[in-house]
Amino acid sequence: MANTGVVNNTLDQFSSSYESYGKKNEKKSDELGRDTFLTMMVAQLKNQDPLNPMEGTDFSTQLAQFSQLEQLIGLNDTLESMTTAFEDSSKNDVTGYLGKEVTGSIDSIEVRNGNPSEGVYNLSQPAELMISIKDSDGKEIKNIYPGQKAPGSYSVQWDGTDNSGDQVEDGSYKYTVLADTGYGFQEVPTTVTGKVEKISYSNGKPYLVVEGMPVDPESLVEIISGQQDAGDSASIVDYLGKEVSSDTPLVMVENQSVSGGDLGFQLDESRNVLLNIVNPAGESVRSITVPADETESGSNEYTWDGLDDSGEQVPDGVYAYTVSTASGEQMPTTVTDDVTGIKSLNGGQFLVLDDSGRLVTVSSVNEVN
């Protein structure tokens with residue numbers, strides 16, 4: 001009987017420890033009955049007949065059942081984690097919007113390096129306007145009075161100063177447009193409609209770039225039309241935020257403006273080189289001779305003005321370039337930079353490199369850091 005008391009005392013301690021541990025670590029309901037199972041097994045051991053104790057095989061069987069129960073709980077947790085991860089991944093995969101026509105609400109202005117982005121608003125009838133700008137704490141810092149406006153779409157013009165004329169700090173600011181049509185000031189829609197040109201990231205959150213303005217995917221009110229070639233959509237988003245290298249950088253001409261116009265190349269010594277710019281059809285549109293006294297050993301850059309050999313503006317599109325010596329030896333044009341966005345153009349998708357605006361295709365990436 002003394003042995004029975006010792007056993008029962010040990011079981012009491014084990015049971016109390018388990019209950020205490022469960023209270024500290026319980027994160028969800030005991031859906032599979034783990035607590036009930038263990039409580040019943042402990043009670044069975046405490047109340048067994050000391051003259052006819054439970055067979056070891058029975059005890060082993062119950063322990064095996066408990067082990068299987070623990071494994072099922074672990075498997076269930078793993079499946080839930082996988083489901084959550086998949087759902088989060090699906091929410092973050094916004095590449096499906098590239099090339100589509102959308103309408104999204106905009107109520108924020110980003111100030112970077114003292115320069116504010118533009119906001120938008122729409123009027124359906126003539127009205128007297130007032131625009132209120134607030135900081136991240138909801139404090140009103142600026143009131144703008146554009147005056148009387150006719151029906152139409154307008155941009156919010158803000159110089160980045162507060163009501164005292166002081167420059168505000170970089171960050172995100174909310175704006176509200178109020179219109180008085182004769183019945184008092186009322187809030188008006190602030191939406192933008194256009195094709196999703198690319199995807200940009202700010203503080204780890206993806207934004208759709210529409211008409212040059214970032215739109216939160218959660219603020220979309222309409223997806224109008226558009227199709228996308230999904231060939232790279234499953235993997236292209238993985239490059240965002242990473243540093244990549246490519247031997248074939250591309251230059252984009254859009255609205256007669258050259259993005260990434262500084263064409264980079266590497267030389268082992270100062271020498272004369274021929275820079276050749278080609279269109280998507282592989283046709284040369286501009287050949288430029290760069291004399292040796294304008295080059296140096298190491299990295300070099302040449303700014304292209306977007307004109308062809310005849311001095312005419314080249315059509316909008318994507319252009320590649322090569323650099324060669326007088327003997328025809330090809331010089332490296334490797335570019336290494338951070339991927340800050342994804343550009344959809346002419347049915348293709350391109351990685352946008354930092355602020356230079358240079359583009360590369362996923363297939364041309366030869367190194368990812």
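Among the listed pairs Lys195/Lys343; Lys174/Lys195; Lys149/Lys195; Lys205/Lys343, those with a Cα-Cα distance over 20 Å are Lys174/Lys195; Lys149/Lys195. Peptide packing: for 236-245, 157-166, the average count of neighbouring Cβ atoms within 10 Å per residue gives the ranking 236-245, 157-166, highest mean first.
Where does the range 298-348 land on Rg/Rh, using Cα atoms and the Kirkwood Rh? When Rh is taken as the Kirkwood radius, the ratio is 1.01. Computed packing ranks the peptides 209-216, 185-192 as 209-216, 185-192, most packed first, by mean other Cβ atoms within 10 Å.
Assuming a ≥ b ≥ c are the square roots of the Cα gyration tensor eigenvalues, decide whether the range 133-222 counts as rounded (a/c under 1.5), prolate (otherwise, with a/b larger than b/c) or oblate.
Oblate.
For the pair Ser257 and Glu128, the difference between a 0.36 nm per residue extended length and the Cα-Cα distance amounts to 42.8 nm.
Taken one residue at a time, the phi angles of the range 122-128 give Karplus couplings (6.51, -1.76, 1.60, θ = phi - 60°) of 10, 10, 9, 7, x, 7, 8 Hz. Gly and Pro are set to x.
Full extension of the chain between Ser245 and Ser270 gives 6.6 nm of extra length, using 0.36 nm per residue less the Cα-Cα distance.
None of the figures in this text is laboratory data; all of them are computed from the coordinates on show. Bear in mind that the values here come from a model prediction, so they are computed numbers and not experimental data. Glycine gets a Cβ as well: all are built from the backbone with ideal geometry, and neighbour counts include every protein chain shown.
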